[in-house]
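Student: Have a look at this one before I ask anything.
FYI, it's all coordinate maths here, none of it is from the lab. This structure is a prediction, so every number in the text was calculated from the model and none was measured. Here Cβ is always computed from backbone atoms with ideal geometry, including for glycine, and neighbour counts include all displayed protein chains.
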Amino acid sequence: MHSTLTLTAVAAAAMLAGAAGADHLRRAPAPPTTHGEWVQIKRGDATIRAYVAYPERKDKAPGVLVIHEIFGLTDWEPTVVDRLAKEGYVAVVPDLLSSKYGRSPADPDSGRKLVGDLEPERVTADLDAAYAYLNGLPSVRTGDIGTIGFCWGGGQSFRYATNNPKLRAVVVCYGPPPDTAAMKGIGAPVLGIYGESDSRINSTLPEVTAAMQKSGKTYTTEIFPGTGHGFLHPGREGSDGPQPERAWKRILEFYRARLGK
C-alpha cells in the first residue's frame with residue numbers, strides 16, 4: 001500500500017510539473033528573431049559596406065537608415081540595427097568611411113580623424129545610395145523610411161533631412177543641428193533625444209527650436225535626466241540606468257506614429 005501511494009504521489013508531482021512547464025511556455029513566447037547580413041551598396045564606381053537586418057513578419061515593413069557615431073562603424077551600430085529589426089523594421093547602417101577608405105578602422109581615434117576628413121557631399125551621396133537601397137528592397141514599404149543617428153551621426157541625420165524631403169521620420173540623438181537656412185528643406189518631423197549633461201549640444205536647442213518653428217517644421221526635443229552625451233551607447237554617462245530604455249520607448253513610439261508598424 002505504501003509503495004502504491006508513493007508512486008501515485010510521484011506521478012501527480014510529475015503531472016503538476018509538466019503543467020507548470022507548459023503554462024510557462026504559454027506565458028513566455030520566444031523572443032523575436034531577425035536575419036542580419038553584410039552587403040555592398042554600389043554608388044557609381046564606389047562601394048559602400050553596410051549591415052542590414054530584417055524582421056520576421058509576413059508583410060512589408062517600414063525602413064530605418066542608421067547613421068554611426070564619429071568613430072566610424074563599430075561593433076555597436078549593428079546591434080542597433082538588430083534591435084530595430086526585432087521591433088518590426090528593416091534597418092541598415094552604412095559604413096560612411098568605406099566608399100573613401102574601404103572600411104572603418106578598428107581604432108576609434110583613427111576613425112574619428114577619418115570621419116573629420118569626410119566631405120559633406122560624399123556623406124550625402126552615400127546616404128542617398130543607402131536610402132535608395134533600403135527603399136528598393138522588396139520587403140520594405142516604399143517611401144516609409146526614417147533615419148536615426150548618434151553623436152556625429154545625429155548631426156548627419158538632421159543634416160540629411162535638409163537634403164532628402166522624402167524622409168518620413170528623423171531621429172537626432174545628441175547631434176548638432178544643420179545650418180538654419182537649410183531647414184526649409186526638411187519634409188519630415190524631427191525628434192531630438194538629448195542627455196542632460198551635454199551643454200555643448202543642448203545650448204543650441206533654443207535657437208534650433210525657434211528656427212524650426214519659423215520654418216514651419218515639427219521638432220520635438222526630450223532631455224533625459226542623469227545622462228550625458230552618447231548615453232544610448234554602453235559605457236557612457238547614464239547608459240547603465242533606466243533612461244536609455246525610456247529613450248528607446250520614445251523613439252519607437254515616434255516611428256510607429258510616423259512610419260506605421
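Student: How would you rank 81, 93, going from fewest to most other Cβ atoms within 10 Å of each one's own Cβ?
Tutor: Ascending number of Cβ neighbours within 10 Å: 81, 93.
Student: Looking only at 69, 56, 77, which one moves most when the chain is put into a Gaussian network model with springs between Cα atoms under 10 Å?
Tutor: 56
Student: Right, something else. Determine, for 70, 145, 223, 193, the number of other Cβ atoms within 10 Å of each Cβ, and report the residues in order from fewest to most.
Tutor: Arranged by neighbour count, lowest to highest, 70, 145, 223, 193 become 223, 70, 145, 193.
Student: When Lys and Arg each count +1 and Asp and Glu each count -1, what net charge do the other residues less than 12 Å away from residue 222, Cβ to Cβ, add up to?
Tutor: Combined, the nearby Lys, Arg, Asp and Glu give +1.
Student: Grab the other residues whose beta carbon is less than 13 angstrom from that of residue 164, score K and R as +1, D and E as -1, and report the net.
Tutor: In short, +1.
Student: Antiparallel as a % of all DSSP beta bridges within the chain, to the nearest 5?
Tutor: Details: 14 of 39 bridges.
About 35 percent, rounded to the nearest 5.
Student: Which net charge results for the neighbourhood of residue 149, defined as the other residues with beta-carbon distances under 12 angstrom from its beta-carbon, given Lys and Arg at +1 and Asp and Glu at -1?
Tutor: For residues surrounding residue 149, the net value is -1.
Student: Which residue fluctuates most in the GNM of the chain (Cα springs below 10 Å): 244, 62, 176?
Tutor: Of 244, 62, 176, the most mobile in the Gaussian network model is 244.
Student: Please arrange 157, 98 by how many other C-beta atoms lie within 10 Å of their C-beta, fewest to most.
Tutor: 98, 157
Student: Checking understanding here: applying a Kyte-Doolittle mean of at least 0.0 and a length along the axis of at least 20 Å (C-alpha), which whole DSSP H helices in the chain pass?
Tutor: 2-27
Student: What do you get when you divide the Cα radius of gyration of the chain by 2.2 N^0.38 Å, with N the number of residues?
Tutor: Computed over Cα atoms of the chain, the ratio equals 1.24.
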